[in-house]
Amino acid sequence: ASSDQKTIINPDTLSDSSSSGYSQIVVVAPDTRMVYVAGQVGIDKDGSNTFEDQVDRTFENVIKALEAAGSSVEDTVKITVLVKGINQDRLDYVNKKRREIFGASPPASTLIPVPALATEIIEFEIDAVAVVPDKSSGD
Ligand SMILES: CC(=[NH2+])C(=O)[O-]
């Protein structure tokens, strides 16, 4: 499913980002309710905090935030991905997760390797910009 208010453009003049689970350009319709989700992290205070677990929990938290605002992954237009300790394995995992979560209509994305996040234990953070689907369109 994709949002009626979100049009994806992946022009031939830019690199193909589809295998990395994001779009090069997303255009938002006018008169749209916008949702700005604060940076989410995925720390389990009592359990495992592997990078992969943090990525999984972070996406779960982003989805919870979107849904609390009446939005969804399909309605997400832009994400910022902050990665501590970036390497090929971490990038591959993030891209796989993005493909699984965002499917055929992914948001635009900026991925930024960072030396540190808010606390020493945090290795991954995502913020998101999304739209609220227009109920009058039948979604
Ligand atoms: C390269 C890039 N923009 C990303 O999100 O992976």
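The values are calculated or read from the model by the stated rules, or taken from the named source; none is laboratory data. This one's a predicted model, so the numbers in the text were calculated from it and none came from an experiment. Note that we place each Cβ from the backbone using ideal geometry, even for glycine, and neighbour counts take in every protein chain shown.
Remarks
- In the set 38, 29, only one residue is away from the ligand (no atom under 16 Å from the Cβ) and either buried (at least 18 other Cβ atoms within 10 Å of the Cβ) or closer than 23 Å to residue 115 by Cα (or both); that residue is 38.
- Qualifying residue in the stretch 71-84 (condition: surrounded by fewer than 19 Cβ atoms within 10 Å (Cβ to Cβ), within 13 Å of the ligand (Cβ to nearest atom) and modelled with pLDDT of 95 or more): yes
Residue-wise test of (1) touching a Pro at 6+ places or on another chain (Cβ under 7 Å); (2) farther than 23 Å from residue 19 by Cα.
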residue: 39; (1), (2): no, yes
residue: 62; (1), (2): no, no
residue: 65; (1), (2): no, yes
residue: 70; (1), (2): no, yes
residue: 73; (1), (2): no, no
residue: 76; (1), (2): yes, no
residue: 79; (1), (2): yes, no
residue: 132; (1), (2): no, yes
residue: 135; (1), (2): no, yes
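- When restricted to residues that are surrounded by fewer than 17 Cβ atoms within 10 Å (Cβ to Cβ), of a type in the set (D, E, K, R) and not in a loop (DSSP other than H, G, I, E, B), the stretch 98-126 contains 2.
- Close pairs (7 angstrom Cβ cut-off, 6 or more residues apart or separate chains): on the phi > 0 side of the Ramachandran plot in the stretch 80-91, more than 11 Å from the ligand (Cβ to nearest atom) anywhere: 85/123
- Residue ID - nearest to the ligand (Cβ to nearest atom), chosen from residues in the stretch 86-117 that are in contact with a strand residue (DSSP E or B) (Cβ under 8 Å, 6 or more places away or on another chain) and small (Gly, Ala, Ser): 109
- Here residue 130 fulfils each of the conditions (1) in contact (Cβ under 8 Å) with a residue 60 or more places away in the chain; (2) under 17 Å from residue 6 (Cα atoms); (3) over 10 Å from the mean Cα position of the chain (by Cα) apart from (3).
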